[in-house]
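All remarks here apply to the structure that follows.
Every number in this text was worked out from the coordinates using simple rules, so none of it is lab data. Because the structure is a prediction, the values reported are computed rather than measured. Every residue, glycine among them, receives a Cβ derived from its backbone with ideal geometry; neighbour counts consider all protein chains shown.
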Amino acid sequence: MMKWMFLSAISSCFFTTVFAQQQDTLSGNGAITVFTATKTERALSNIAVPVQIISQKTIQQAGSLRLSDILSEQTGLFMTNGFGTGVSMQGLNPDYTLILIDGEPLIGRMSGVLDLKRITVGNIKQIEIVRGPSSSLYGSEAMAGVINIITDKSRKNTLGVSARYGTYNTADFGLKGSIRTNKINYQGFGNFYRTDGFSIRPNSRERSVAPIERFTQQHNLGYRFNDRTNLSFNIRHNSETIKNNITVINNGNSINSIGVEKNKDLNATLQVSHKINDQVKNTTRVYGTQFQSSQELISDNGVPYLDVFKQQFARIENQTDVHVNKQVEFNLGGGYIHETANSTRYDNSTSIKTNRIGYIYLQSEWRALNKLTFISGARYDHNELFAAAFSPKLALQYKVNTNISLKASVGRGFKAPDFRQLYLNFTNTAAGSYSVFGSVEAQKIINELNRIGQISSLEPSFYQLSNLQPEFSTGFNLGGSYQNEQWHITANIFRNIIENLIDSRLVAYKTGGAQIFSYLNVKNAFTQGIETDIKFRYNKQWSLSAGYQLLLTGDQAEISAINDGKVFTRDQNGFSRKMDRSEYVGLPNRSKHMANLKLQYDYQNFFANTRALYRSSWATTDTDGNGIFNTNDAFAKGYIQLNMAAGQNFNNGLSVQAGIDNALNYTDVLNLPNLPGRTFYLSISYNFLNKNPK
Amino acid sequence: MSKMKQMIFVFGIVVSLVACSKDDNSGTSAVVETITVKDLPADTIIGITPGAPPTGGFPYGAGRYTFYSLETNKIVPASDSASNKWDLAFKGTTIATNSGNSGPGGAGAFVFVGLFNDLKTIPADSSFRTDNAPSAFAITTGSNRGWYVYDGINQLVTPIPGRVLVVRTASGKYAKVEILNYYKGGTTPATTASDAIKLNTQRYYTFRFSFQPNGTKTF
């Protein structure tokens, strides 16, 4: 069940040469365009919010296989484990980062986590990371930021294959090609990935990364009616089969279950764009996606277990871009979403839960002066199931001169309560028979249980149960960048104030002592810090990049309680004493310091790099019993992970690459179960067309 | 050695090894001494019910309370359970008072939030609760409700810091109690400790208390 964090790094590199090498971020931002920040194509140098681009070349040279591999090497992002591999951005949980493929959202979150291992990087042209709330354009989930995966749309005919093999029998195969005529273009992509998985716990039957097979295919067909009108159709299918061997230990009693988990993703997009005239462009997108997950287990003592989850999401959206004049441009859009889910974890697996959302958004860009640009935007989401959300945003960029640019933005983000928080109806018989009920179910079920005498007590939180509200955040980002021939330095200060956070609370006890939990809007928290990236090109061969994030987090209620002297811990004698504000560490599982360092050597068609990733210690368990995380609690040790890769492109279309991940062989059985020890890989790719890598 | 044997063995050697020590009541007016009681067994675990959850697999003890007198600082034999000789009785995480339907005494208690040393006088408006077992005890049972919190992931019981059990004894005098630890030796096992260690060392109370023999509410 536990998926893995870093294994991906073991895996492969695809098509090192198939695609003409993309421009790296170092080599001039002017040429790179970004879509995600404004929902329109823009030069990276003209973006007023913090944006980071990861190029295809960077992904390939890191030897990444899955999306989480490459994201784990970026400043300020860390991968979480549990319910798959999620990404935490600006200190917020994975629930609050929207993941898009070609601008369309991925669904199928488990407990709020979208498993990034589901996404192969084999056909990615670039990854765009926008930090800070972007709900003004994208609606729900874009609270911490947006990660948009732009897939490759080749400009010429290509055909390439790739293969990679590494430790734990991790293998990855890819096939990618494109055909282009005057009117029609097609690109197809297929990827197969498998691994034996591993366990870093000796003598454990259960693997921290289970044996898995994944198959992904994506097809994109474009048709150009004329210079003004284009149509494209895109379909992606991803399926994974995971062999589960799960041991639940309860009071020394272990129960083993074996079985298979299957996850399937299907996404389809139809897009028509039409330039009405030189000033006005209209785009209509119809998107449908489905995620299906099933887990079938049978335990040693023959007890079967079936868990099924199915989610569907359909959306139609229209956006009009109006280029008024050189100073003013605006984008107006609106759409309708129909979303459904059903699960064995709800009251009845055949009862389909539905939500409908209508929304409109407007964004305007005003180049007030040559050097000064304002972007303002707002979006209104009308929800069928819960309160409406209004998400404004304001950003400005000031170009001091050709080297220095300043950015400031403030925006509001939201996340709507998900189906789980509304409808979950789950009792864990394997672990103490506790139950979790979604907010819609909780009152109904508990009142009924109470009526038949199965409730022993109602907790104060029970009386606070009400309709869930969306979670909101207000994000402030203030940054600057400096760039010349050799240096590119960016720094950004951020603060996110998060209100109405949904958390589970104990609401009642059943007779017999089993606990019942439900969801409430109970928490207010903040995350703040600094993100810095420095890139330095020493000469044509050598370059260096370094990144650092300082992160401070906290829960407002906890801080007030500490300031009021109501929080205690224990001294070395075990006697209680008041806890000091300085001992408070904020939200758990967050490192105060994170850093990365990359040294890269390029010579003709050869490259080699070394990448070091550092995370300082993070709080894991409240061991002093005061309910909050402080320096007296249990921490995971800080660590360094070192990854290395080298590769050579040959002029006959062949390229090879080899790499070592986690070269220092750092492991932490308890806190990093998904980080294997040192792993190796070798990959080969061959281009049938366009053999010259340059 | 099977787990069962191990447990019985451990249980055998620790039965009622109750050590009592006295320490200075430093800093306060020193009218009342503070006593620390170590490793008071409270229905220690002797086995696990057969089967798997939810029907089985639960650890169990002999089902007996350990009765304690704060006045005399001694364990009281179970044969005296129907007397005024004891003030508190311990069984697992449940702490009964010699009151209500738990015993014939005039005891009572409530959980005070604050520091042991800061509680110098029991506030006049305090209301002492009495036992109505098994549904309600004067000292509230349950995780994060009275004196302890249970970490279900690591299966560990931790006394909440800053909780003082304010006790009226069976004979109507007053005491204050701070539970320091729930495991043998006064040290909570590491979260990574084996289940056997967690099971074998739990249900041993370490606590400190002050008993005011003169009947006033001041310590």
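Okay, here's what the table says:
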{"read-out": "Extreme residue, positive dipole direction of chain A, given options A:Ala557, A:Pro211, A:Thr344 (C-beta unit charges)", "value": "A:Pro211"}
{"read-out": "Vicinal HN-Hα couplings computed from phi for segment A:440-447 (Karplus, 6.51 cos²θ - 1.76 cosθ + 1.60; Hz; Gly/Pro x)", "value": "5, 7, 4, 4, 4, 5, 5, 4"}
{"read-out": "Sequence-distant residues sharing a close amide H with A:Gly84 (under 5 Å, placed H)", "value": "A:Lys3"}
{"read-out": "Spacing of the two label points (7 Å from each Cα toward its C-beta) at A:Tyr666 and A:Ser560, in nm", "value": "3.8"}
{"read-out": "Net dipole in debye of the protein assembly as shown [+1 Lys, Arg Cβ; -1 Asp, Glu Cβ; about Cα centre; nearest 20]", "value": "1580"}
{"read-out": "Neighbour-limited loop hits for chymotrypsin sites (Phe, Trp or Tyr not before Pro), segment A:467-544 (at most 12 other Cβ within 10 Å; DSSP other than H, G, I, E, B)", "value": "A:Tyr538"}
{"read-out": "Karplus-derived 3J(HN,Hα), 6.51/-1.76/1.60, for each residue of segment A:555-563, Hz, glycine and proline x", "value": "10, 4, 5, 5, 5, 4, 5, 5, 5"}
{"read-out": "Ellipticity estimate at 222 nm from DSSP helix runs (n ≥ 4, -39,500 (n - 2.57)) divided over the protein assembly as shown, nearest 500", "value": "-1500 deg cm²/dmol"}
{"read-out": "Vicinal HN-Hα couplings computed from phi for segment A:339-351 (Karplus, 6.51 cos²θ - 1.76 cosθ + 1.60; Hz; Gly/Pro x)", "value": "10, 9, 8, 9, 7, 5, 8, 9, 4, 7, 5, 9, 7"}
{"read-out": "Segment A:7-687 shape via C-alpha gyration tensor axes, a/c threshold 1.5", "value": "rounded"}
{"read-out": "Under 5 Å, built H, 5+ apart or other chain: amide partners of A:Ser199", "value": "A:Ser208"}
{"read-out": "Sequence of B:Arg129, A:Arg205, A:Arg590 once ranked by neighbouring C-beta atoms within 10 Å, starting from the fewest", "value": "A:Arg205, B:Arg129, A:Arg590"}
{"read-out": "Computed E for B:Asn73/B:Thr121 - FRET, C-beta separation, R0 25 angstrom, nearest 0.05", "value": "0.65"}
{"read-out": "Local electrostatic count, A:Thr402, Cβ distance below 13 Å [Lys/Arg +1, Asp/Glu -1]", "value": "+1"}
{"read-out": "Cα-Cα over 29 Å, subset of A:Lys566/B:Lys176; A:Lys510/A:Lys578; A:Lys415/A:Lys592; A:Lys540/A:Lys637", "value": "A:Lys510/A:Lys578; A:Lys540/A:Lys637"}
{"read-out": "Local electrostatic count at A:Ala595 - Lys and Arg +1, Asp and Glu -1, tallied over other residues with Cβ under 15 Å", "value": "+3"}
{"read-out": "Under-5 Å amide H pairs with A:Asn674, H placed in peptide plane, nonlocal only", "value": "A:Met5"}
{"read-out": "Label point distance in nm, A:Arg451-A:Tyr538, each placed 7 Å from Cα along Cα→Cβ", "value": "7.6"}
{"read-out": "Neighbour-count order for A:Glu485, A:Glu558, fewest beta carbons within 10 angstrom listed first", "value": "A:Glu485, A:Glu558"}
{"read-out": "Neighbour-count order for B:Val113, B:Val164, fewest beta carbons within 10 angstrom listed first", "value": "B:Val113, B:Val164"}
{"read-out": "Charge dipole of the protein assembly as shown about the Cα centre (unit charges at C-beta), most positive-ward option of B:Val164, A:Ala608, A:Phe198", "value": "A:Ala608"}
{"read-out": "Positive-end residue of A:Trp618, A:Asn662, A:Ser293, charge dipole of chain A with Cβ unit charges", "value": "A:Asn662"}
{"read-out": "Full-extension gain in nm, A:Trp366 to A:Lys444, via 0.36 nm per residue minus C-alpha separation", "value": "22.9 nm"}
